[in-house]
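Single-structure report; data block below.
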Amino acid sequence: MTASDPYRVLVVCTGNIRRSPMGEVVLRERLREAGLDGAVEVASGGVSDEERGNPIDERAHSVLVERGYSPHVHRAHRVEEEEMAAYDLVLAMTTEHARVLRRRAHGVTDAAEIRLWREFDATAPRLADGAAEHHLDVPDPWYGDREGFYDTLEAVERGALGVLDHVRERLGVTPRP
């Protein structure tokens, strides 16, 4: 990344139709509110190819709109190995997603920093070193009812605040008063 290049963030879940597009939409909004939308690019992808080309899940879309977000036109895609070098930060929605991404990034020159979305959630429980990280997984609302999409959005929103702080730090930007 050069001084003129934007900082690039990729949000990743399983099929790229629920959690990662929600994260992308929410993070873009937080960046816009902070005046950083021109300095940071956000995209999303999946570790699986099963949803390739599909739009955001209608339930995720409607919950985002209901909460005041403006989802963009979205088409799901699988994150490929070479894509890992194009980003500065990759945010996995679960520990399993992070594991898959780390395997894909192995041997990729200049691969992005891979972190869990909820690592940036100040309300997430903190465990001792060596403890399982599954407590940091963003819940997948797929098998539940509509309420699960609200729970997922709330987890995404809490994490987005910490991601914003992390991006500010990486860019050397002080928060606005």
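The values are calculated or read from the model by the stated rules, or taken from the named source; none is laboratory data. Just so it is clear, the model here is predicted, and its values are computed rather than measured. Glycine gets a Cβ as well: all are built from the backbone with ideal geometry, and neighbour counts include every protein chain shown. Side chains are part of the model used for accessible areas, which takes the heavy atoms of the whole protein and leaves out ligands, DNA and RNA. Shrake-Rupley method; radii C 1.70, N 1.55, O 1.52, S 1.80 Å.
Between LEU171 and GLU50, what's the calculated FRET efficiency when r is the beta-carbon distance and R0 is 25 Å? Round to 0.05. E between LEU171 and GLU50, to the nearest 0.05, is 0.10.
Rg and Dmax, both from the Cα atoms of the range 1-87 and both in Å, are 13.2, 39.
Taking R0 as 25 Å, what's the FRET efficiency between GLU33 and GLU66 from their Cβ-Cβ distance, rounded to 0.05?
So the FRET efficiency works out to roughly 0.85.
Protein heavy-atom surface of the chain, 1.4 angstrom probe: 49% of the accessible area is carbon and sulfur, with nucleic acids and ligands not counted.
For VAL9, the shell of other residues with beta-carbons less than 14 Å away shows a net charge of -4, using +1 for Lys and Arg and -1 for Asp and Glu. Fully extending the segment from ARG126 to TYR143, taken as 0.36 nm per residue of separation minus the present Cα-Cα distance, adds 3.4 nm. Calculated on the Cα set of the chain, radius of gyration then Dmax: 15.3, 45 Å. Accessible surface for the range 19-151, divided over its residues, is 50 Å² per residue with a 1.4 Å probe.
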